[in-house]
Amino acid sequence: MTVMGTVIFLASEVMFFATLLGSYYTLRAVNADSWPPEGIEPEWPLPLLMTATLLVSSVSIHGAVWAVRRDNRTVLTSALAITVLLGVMFMVGEIFEFSIAEFDFEGWKDGPPKGVAEGIVPGAYGSMFWTILAFHGLHVSGGIILNSYILFSALNGRFSSKNYQVLESASYYWHFVDVVWLIVFVTLYVVK
Amino acid sequence: MTTHTFTPDQSPGVGAVRVTRPYRAVFLDWITTTDHKKIGTMYAIAASVFFLIGGILAGIMRIQLAIPENDFVTRDVFNQSFTMHGTIMVFLFLMPMLAALGNWMVPLQVGAADMAYPKVNALAFWMIPLGGTVLLLSYLMPNGPHAGSWVSYPPLADVSESGTAFLPGHGVDLWIGAIAILGISSTLGSINFIVTVYKMRAPGMTMLRVPIFTWTVIVQSFLAIFSLPVVTAGLAMLWISRNLGGRFFDPSAGGDPILYQHIFWYFGHPEVYILVLPVMGVVSEIIPVFSRKPLFGYKAFIFATLSIAALGTMVWAHHMFTTGAIQVHFFAFTSFLISVPTGVKMFNWTATMYKGKIEFTSAMLFALGFLMMFLIGGITGVFNATGGLDFSLHDTYFVVSHFHYVLVSAALFGLFAGFYYWFPKMSGRMLNETVGKVQFVLLFLGVNFTFLPQMLVGLDGMPRRIPTYTEEEGWGLGNLISSYGYILIALAAILFLLNVLLSMRRGKISGDNPWDAYALEWATSSPPPYYNFDRLPLIRSERPVFDENHPEAVATGDH
């Protein structure tokens, strides 16, 4: 029953990200000749690495589900540990991405930046770019906390082949975050 | 050490001794409960409190508009009043009140012991007072609450190019937070309803035997799941614009204000069906019972509900005709299409009553009131959906009148009908029928006195959201009548409150099935025990209780 509720919850999450991505493409169409604005070129190598990290973590959490169905505790806990680790690696990459890009935190100390400043923020492009990245990052962070809790429970012997609904739900969430990232990656770094 | 004695969870029925418990125990019991019936009751109490607040705000507006060039309140207070009135009535009265009925009745109607996720259910409820508090806290902020109307269009709700907010202070920000909290609460509740019906139906209860009210709650839940996250994302963008320098909606920085309107109405229009569909379900439970006939076209009704939901997601831009940025023909056409399934439902109800043995109980009267008011609301809706006509009706009091006929009268009549019908099941006692009939007359007159003149002044060109008007414009009489009508509605609401409070203690004992109704909730005792059912009747049709109580009718196939 937990799984069904999770799937419906993820349907609402799909609508949330669809709105953000739909807004991105709408504003892209409105500003067809300056999107991304001149001089701004999102660099894709690091995000590509992050994509690989997240894809592998999707495989590893599926490995955890595979293991719990066979009551294989060693594989279960190690697969979950790998998932958490890969999630953290992804977030490190994303925080690095926030730190290197022209992301002007300084101007925000005294309220919103004055006027249309140079650089990536606060134009429509930068707003969309960072909002989508940030909301995806928040979802990954939530997933890391969830997966850590699952790992903790698994270490305490909570799951078995007869009782792993919570684990399966967490894996669905993690796959969802992964798929959203693929769309975000293609949108922000490939299609642009 | 304190001694613990067993105390029954529900107030006892006839002849039982009323066991008194220490206040602290009662209090802890209620705030920690996961019982769907208690949570339903708490939803109803919370919604009633917010109804009173929203009603007072409406009263402020009606006093201000009663006479021309009035200075009862300042323009700011007026703007804040209509913004908060709309928000509170939609998110903190109607949605929780429908959740109250849903929480009470959905598990009973499908023969379950509780909701699928009782703890999530409690969480969803407690987010309602939280969201309401966040919203009302904005009254304590400098510059007061949100004053830019519940649609919060940029640029008004946004910041200017130089970074100053058009609506200064944090009223809008708190409003955004409150809507996000209430939206998540509603999403959680919706997930719960869907899983409950899908997974926890009693043996024999196939989907095509599920009572109509539960069906409408399911369709409503799907609409909520697909539309609420959209507005949450849109409001998140608005919040980022206001506080972090985002430029989503500012054309000077490549943003698009129309984008916000699309996002808002992609939620805003399905929201209307979120509010109205369960009310249609309530009415469809009541009309067959008091016509002594099965609902005419049970399957057609379900199909019509699904069609309304599907079409309802394709019509949002009819709120945006005058922007000139949308396909008027397409959205006018889809909006007209919705009147087809709605018409099907009208015929479901009238055909059910046709040649029936109609009993004019209070519940039936309110249900009939819903039919009439909803018809007016629906037909004025067709006027608004007509692309060309809308250019002159847009943002006038005609629109205000239209959606109040749909929401206030329809939902209010429908909700009163529901409470007169189900109060015996909830409490084991009847509401006073005489008071109910007086209340019906008051409400019927009040609603029409309030909103019919608004339609007329609207046709005469009175714009909505204006704080006052001059005498020469000639809208004085209509507004005065409208303000008197408000008094009648307020009296009806107070009468209902008194009726509930008095009937809870002194009402006539109802028995398990006072209306000789047919859906599964009437198979258990009134009020139901905390586990809901001692035994379930055989479920071989969508009218299991009727089948059991009237075997002779089933034998002759006359059911």
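Throughout, read-outs are computed from the coordinates displayed, never taken from laboratory work. This one's a predicted model, so the numbers in the text were calculated from it and none came from an experiment. Counting neighbours? That spans all protein chains shown, and the Cβs are built from the backbone with ideal geometry, glycine included.
Sequence-distant or interchain residues sharing an amide H contact under 5 Å with B:Thr396, placed H: which?
Residues meeting the amide H criterion: B:Arg464.
Across peptide B:228-241, what mean number of C-beta atoms from other chains lies inside 10 Å of a residue's C-beta?
The mean count of partner-chain Cβ atoms within 10 Å per residue comes to 5.
Which of A:Ala124, A:Ala170, A:Ala11 moves the most in a Gaussian network model of chain A with Cα springs under 10 Å?
Highest fluctuation of the listed residues: A:Ala11.
Dividing the convex hull volume of the alpha carbon atoms of segment A:2-191 by its residue count, what do you get in Å³ per residue? Let's see the in-between values first.
Numbers: hull volume 22.7 nm³, N = 190.
Dividing the Cα hull volume of segment A:2-191 by its residue count gives 119 Å³.
In µm²/s, what is D for the protein assembly as shown at 10 °C and 1.306 mPa s, where D = kT/(6 pi eta Rh) by Stokes-Einstein and Rh is the Kirkwood radius from Cα pairs?
57
Suppose only helical runs count, i.e. DSSP H with n ≥ 4. What mean residue ellipticity at 222 nm does that imply for the protein assembly as shown under -39500 (n - 2.57) per run, divided by all residues and rounded to the nearest 500 deg cm²/dmol?
On the way: 23 runs with 485 residues, N = 751.
After summing the helix terms and dividing by residue count, I get -22500 deg cm²/dmol.
Which of A:Trp35, B:Trp175 comes first, and how do the rest follow, when ranked by fewest Cβ neighbours within 10 Å?
A:Trp35, B:Trp175
Scan segment B:277-379 for chymotrypsin sites (Phe, Trp or Tyr not before Pro) in coil per DSSP, keeping those whose Cβ has at most 16 other Cβ atoms within 10 Å, and list them by number.
Here the chymotrypsin sites (Phe, Trp or Tyr not before Pro) that fit, given the DSSP loop and packing criteria, are B:Tyr354, B:Phe360.
Given an 8 Å cut-off on Cα distances and at least 6 residues of separation, report the relative contact order of chain A as a percent.
Worked out over chain A, it gives 37 percent.
If you plug each phi of segment B:367-379 into the Karplus form 6.51 cos²θ - 1.76 cosθ + 1.60 with θ = phi - 60°, what whole-Hz ³J(HN,Hα) values come out, in order, with x for Gly and Pro?
For segment B:367-379, the Karplus curve yields 5, 5, x, 4, 4, 5, 5, 5, 5, 4, x, x, 5 Hz.
Which residue, chosen from A:Phe9, A:Phe152, A:Val140, occupies the Cα position most advanced towards the positive end of the dipole of segment A:2-191, where the dipole is computed from +1 (Lys, Arg) and -1 (Asp, Glu) charges on Cβ about the Cα centre?
Among A:Phe9, A:Phe152, A:Val140, the one farthest towards the positive end of the dipole of segment A:2-191 is A:Phe152.
How tilted is helix A:73-100 with respect to the longest principal axis of chain A? Cα atoms for both, answer in degrees (0 to 90, nearest 10).
10
If you average over every viewing direction, what projected area does the convex hull of the Cα atoms of segment B:400-559 give, in nm²? Kindly include the intermediate steps, with their values, before the conclusion.
Details: hull surface 52.1 nm².
One quarter of the hull surface, i.e. the mean projection, equals 13.0 nm².
Out of the trypsin sites (Lys or Arg not before Pro) in segment B:399-469, which ones are loop residues according to DSSP with at most 14 other C-beta atoms within 10 Å?
Passing sites in segment B:399-469 are B:Arg465.
Lys/Arg Cβ at +1, Asp/Glu Cβ at -1, dipole of segment B:35-555 taken about the Cα centre: which of B:Ile212, B:Ser190, B:Thr468 is farthest positive-ward?
Result: B:Ile212.
Could you size up the charge dipole of the protein assembly as shown around its Cα centre, putting +1 on the beta carbon of Lys and Arg and -1 on that of Asp and Glu, and report it in debye to the nearest 20?
Roughly 2860 debye for the protein assembly as shown.
Need one value for B:184-196: mean number of C-beta atoms belonging to other chains within 10 Å of its residues' C-beta atoms.
Taking all residues of B:184-196 together, the mean is 3.
Give me, ordered by chain and number, the residues 5 or more places off B:Ala165 or on other chains with an amide H under 5 Å from its own placed amide H.
B:Ser160
Angle between the Cα long axis of helix B:412-427 and the longest principal axis of chain B, 0 to 90 degrees, nearest 10?
Between helix and principal axis, roughly 30 degrees.
Which whole-Hz ³J(HN,Hα) couplings does segment B:322-337 yield from phi under the Karplus relation 6.51 cos²θ - 1.76 cosθ + 1.60, θ = phi - 60°, glycine and proline marked x?
6, 5, x, 9, 9, 7, 4, 4, 4, 6, 5, 5, 4, 5, 4, 4
Among B:His329, B:His394, rank each residue by its count of other Cβ atoms within 10 Å, from fewest to most, as a rough exposure measure. Each step should come with its number before you reach the end.
Details: B:His329 9, B:His394 17.
Listed from fewest to most nearby Cβ atoms, that is B:His329, B:His394.
Going by C-beta contacts inside 10 Å, put B:Met280, B:Met346 in order with the fewest on the left.
B:Met346, B:Met280
For peptide B:310-319, compute the average count of partner chain beta-carbon atoms within 10 Å of each residue's beta-carbon. Numbers along the way, then the final one.
Values: counts 0, 0, 0, 0, 0, 0, 0, 0, 0, 0.
Mean inter-chain Cβ contacts per residue within 10 Å come to 0.
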